[in-house]
Every structure is written in C-alpha cells, then in structure tokens.
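Coordinate-derived values only; no laboratory data. Just so we're clear, the structure is a prediction, and the values are computed from it rather than from any experiment. Positions of Cβ are generated from backbone atoms using ideal geometry, with glycine treated the same way; all protein chains shown enter the neighbour counts.
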C-alpha cells in the first residue's frame with residue numbers, strides 16, 4: 001500500500017494598500033533627510049528609565065479634542081518607518097512630552113502643533129541649547145503651525161526584516177529580471193548586427209545588380225529558330241527493313257545526328273567560322289556595348305569562346321527531336337544574320353556526316369563489282385586461248401563427233417563381221433568376196449582404234465582430247481563462277497546504292513529566324529530577384545558553415 005505525498009501550503013500576504021496622505025511639502029526635495037532606509041537600530045526604544053507612567057493607548061483623551069492626524073490608529077496606518085518613529089521619540093523627549101510609545105510621541109507632537117518630520121524644525125531644535133529648550137520650544141511650536149503645506153512622505157507599512165525565503169525569492173526575481181534585460185539587450189544587438197550584415201552582403205549587392213540591369217546594361221536582341229533533322233524514306237519494302245524500319249519514324253532514329261549537330265554549333269569551329277564570315281568578334285567589341293558584356297578587341301580565343309557560348313544557346317528536345325537555336329546580339333539584324341549562318345553550317349554538317357558513310361558503302365560495292373568483272377574477263381580469255389591453242393571450239397562437241405564416228409564405224413564393223421561369218425559358214429565360200437570383206441573389217445577396226453586414240457592418247461603436240469576437254473571444262477567453269485560472282489557484286493552494289501540513299505539526311509527548318517523588334521535581354525526585374533536570392537543563399541550557406549565550425553571548435 002502506498003501513501004500519497006502531501007506538500008504544505010504557504011500563503012503570502014500582500015501588504016495593505018497605502019492610504020493617501022494629506023498634502024505636504026515634498027520631503028525628497030529637502031535633501032531626503034528622512035529617507036526610508038533602516039539605520040540599524042531596529043525597534044529599540046529611547047525612553048529613559050524614569051519616564052512617566054505609560055498612558056493607555058486606547059485613552060487618547062476626549063473624542064472631541066482629537067485633532068486631525070492625532071489618532072493612534074490613523075498614525076499606525078500611515079506606515080511610518082522605524083527611523084521616523086525614533087526621530088519623533090527623540091523630539092518628544094527634547095520637549096519633555098510624556099510619550100508612552102513612538103506613535104504616542106507622534107500624536108503628542110502633532111497635538112502640540114509641531115510636525116516631527118519637518119526639516120526646519122528639526123534643524124532648529126537640534127542646534128538649540130538644551131538650557132533654552134523651554135524658550136525655544138514655544139517659538140518652534142509657533143513656527144510649526146499645522147497646515148503649512150508640508151507633506152509627510154508616502155510610505156508603506158513599517159519595514160520588517162524579511163525572512164530568508166523572502167530574501168532568496170526577491171534575489172532570484174532580481175537575477176531573473178537582470179538576465180532578461182541582458183538577453184533583450186543581446187537580442188537587440190544581434191538583430192542590429194544581423195540587419196547590418198544582411199544589408200551589406202545581400203541587399204546592397206542586389207541593389208547594385210538591379211542598378212546595372214536597369215540603367216547600365218546594353219539591350220540585347222534574341223533571334224530564335226527551330227529545325228529538325230529528317231531521314232530519307234526507306235525504299236526497302238516489307239519486313240526486310242527489320243528493326244530500323246520500326247525506329248525510322250521516331251525521334252530516336254535521328255537523336256545521334258541531332259546531338260552531333262548541337263555539339264558542332266556549340267564548338268570553337270563554328271565560332272571561328274562565324275567570326276571569319278560574319279565578324280562575330282568585331283560586333284561584340286563595339287564600344288556601344290556596356291563594359292561588362294563588351295569583348296576586348298585583343299581578347300584571346302578563350303574569352304571570345306566564352307562570349308560565344310553566352311550569346312549562342314542551342315538546346316535539343318529528345319522527345320520531339322527538335323533543335324532550338326537562340327542567337328543574341330546587340331542589333332536585331334545582326335542577330336538574324338548570325339542565326340541564318342549557323343543554320344547553314346548545321347545543314348552542311350548534316351550532309352558531311354552521311355556523305356562519308358555513303359561513299360564508303362558505294363566504294364566497297366563498286367570495287368567488288370569491278371574485281372568480279374575483271375576476273376570474268378580473264379576467265380573468258382583463258383577459254384578462248386585454249387580453243388585457239390587446241391583448235392577446238394568445244395571439247396564436248398569434239399567428243400560427241402568422235403563418239404558418233406566411232407558408233408557408225410562400230411555398226412559397219414559389226415555388219416561386215418556378220419557377213420564374213422555367213423560366208424565362212426558355207427562349205428565352199430567365195431574367196432573373191434571374202435578377201436575384200438576382210439580388208440574392210442581390218443580398215444574399220446583400224447579407224448575405230450584411231451578414233452579411240454584421239455580421245456585418250458596424245459596427238460603429235462602431246463595433248464589428248466581428254467586433257468583438252470578437262471582444261472576447257474575448268475576454264476568454262478571458272479567463267480561461270482565469275483559470272484555468278486559478277487551478278488552478286490552487281491546486286492551488292494545496287495543494295496549499297498539503296499542503303500546510301502536511305503542514309504541521306506537533310507535539315508528541315510520549322511521556325512525560320514526573324515529579327516525581333518524589341519530587346520529580349522536583360523530581364524531587369526527577374527535578374528535582380530535572382531541576384532537577391534543568390535546573394536541570400538550564399539550568405540546563408542556561409543553563415544551556417546561558420547556556425548557549424550564554431551560549434552565544432554567550441555565542443
């Protein structure tokens with residue numbers, strides 16, 4: 001079981017409200033003689049031991065004789081300090097007034113017509129001789145008549161020594177107030193320093209930049225043009241085009257050529273050519289241009305190229321395949337002339353990019369065709385040479401002729417041999433008829449052997465018909481092969497020509513360059529805002545970097 005913690009409650013009473021006092025003369029203007037500071041004696045009484053018997057505090061006398069300001073309760077509510085009460089007690093003792101307490105001393109003095117807190121009376125009483133108190137007192141009382149305009153100091157309740165807790169609380173509150181004042185002072189100082197830094201590092205540079213753009217910068221004119229690189233239609237029909245046919249109508253088909261043209265227009269080569277033909281450096285070296293944008297007549301190529309890149313802007317849109325060109329110059333006519341020249345340079349560059357490819361394709365196919373044609377001619381010449389050498393038009397024809405002769409002779413030889421056998425089968429053959437028949441059979445056999453020898457045996461020159469036929473067949477086969485190769489070369493050359501025509505690129509201008517009638521640059525307001533943001537960002541980054549480094553070093 002747990003018990004709940006309880007805390008004691010303390011209540012701090014606030015002082016009673018101070019009642020307004022009757023009008024008196026301001027004590028502060030009299031030298032602050034009776035200030036409210038404690039004199040260190042506390043509430044110690046100065047009555048002598050043989051003082052008169054105390055009079056009850058609740059018996060001030062008849063109610064009808066109570067003068068204003070002589071009531072004890074009213075005197076207590078005035079909030080007189082201990083110092084004032086002690087002064088009143090001493091003054092009452094000097095005048096031998098039977099005061100039983102400090103407040104009673106104030107009451108008796110006021111009843112006697114003397115203000116115990118008036119500076120003049122106190123000084124006179126203090127400087128008087130004690131032996132002459134009786135004589136001086138009536139004069140002082142006469143001079144200190146009531147209603148002389150002297151105002152008692154407006155005080156609070158009698159000062160009491162605060163406790164330790166009250167002192168600590170007051171000290172803590174005072175420290176907190178002092179720290180708050182210090183923090184507020186530091187914040188004001190830091191805010192002032194921050195405003196000063198922002199003015200010098202952000203606002204002032206932005207103002208100077210805006211002054212330059214609004215009043216100093218030379219107006220520039222921009223000529224814009226757009227063009228696209230097109231490819232010739234593919235003459236190959238059907239599916240022979242392959243994947244290239246699928247991409248032929250999309251911007252991706254010419255993206256490489258477009259990026260190449262973009263790079264060329266932004267190169268030093270294009271700048272030098274534009275300078276040589278149109279006077280690019282001379283135009284931007286004109287003294288009429290402001291010093292910041294002006295090009296020094298003796299500037300290097302790098303400086304001229306920086307000016308060229310700043311005034312010739314080329315962008316490529318890959319989604320549409322369009323090249324956007326913007327040329328900036330101090331004169332609209334010059335800007336248009338520069339744009340037209342750059343478009344012409346781009347068109348020439350497009351032609352040069354595909355010309356070499358087309359020439360390579362056509363030259364290879366043409367060389368292959370010429371080689372096949374030359375070898376075919378050489379093969380045909382070899383056949384003719386063999387025919388002239390062997391006196392043979394065609395080996396096949398010669399073989400067919402000899403074969404036909406051999407066949408005829410074989411037929412006749414067979415008929416004669418049958419006739420001879422029939423004659424020899426007779427018991428008494430006719431020799432007169434048999435002898436010529438035998439001689440004929442022998443002649444036919446000799447002729448057949450001769451003809452067969454022409455086919456296989458060498459002649460007088462050492463060449464047989466079979467050898468001649470083999471050489472002629474080889475030469476004729478070579479001719480046929482060369483003819484086939486020549487046909488393939490011709491087809492390849494035609495294909496290369498078609499491909500070369502398909503590789504043709506041309507530049508199509510979609511937006512022609514037109515000279516503007518109003519200045520495009522500088523955009524004074526936009527550039528000023530951008531400059532302000534840039535300076536602000538730079539200051540912010542530097543401030544953050546310094547703060548981080550300071551924190552790291554202090555850590």
Legend entry - Distribution of pairwise C-alpha distances over the stretch 326-451, 5 Å bins, in %: 2, 8, 8, 7, 6, 5, 5, 5, 5, 4, 4, 4, 4, 3, 3, 3, 3, 3, 2, 3, 2, 2, 2, 1, 1, 1, 0, 0
Inset, instruction - May I ask you to sort 413, 533 by Cβ crowding, counting other Cβ atoms within 10 Å and putting the fewest first? - result: 533, 413
Inset, instruction - Take the alpha-carbon centre of the stretch 507-555, take the same for the stretch 297-342, and report the distance between them in whole Å. - result: 21
Legend entry - Distance (nanometres) between label positions extended 7 Å along Cα→Cβ at residue 408 and residue 515: 10.0
Legend entry - Full-extension gain in nm, residue 442 to residue 197, via 0.36 nm per residue minus C-alpha separation: 74.3 nm
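State the Kirkwood hydrodynamic radius of the stretch 294-352 in Å, one decimal place, computed from all pairs of distinct Cα atoms.
Working: mean 1/r = 0.0765 Å⁻¹.
When all Cα pairs of the stretch 294-352 are included, the Kirkwood radius is 13.1 Å.
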Inset, instruction - Pop a pseudo-label 7 angstrom from the Cα along the beta-carbon direction at both residue 421 and residue 260 and give the gap in nm to one decimal. - result: 8.8
Legend entry - residue 543 versus residue 352: modelled label distance in nm, points set 7 Å from Cα along the beta carbon direction: 5.4
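Order of 525, 215, 103 from fewest to most other C-beta atoms within 10 Å? Please list the in-between numbers first.
Numbers: 525 11, 215 8, 103 21.
The most exposed by this proxy come first: 215, 525, 103.
Most exposed first by the Cβ proxy, i.e. fewest other Cβ within 10 Å, how do 514, 383, 327, 546 rank?
So the ranking, lowest neighbour count to highest, is 546, 514, 383, 327.
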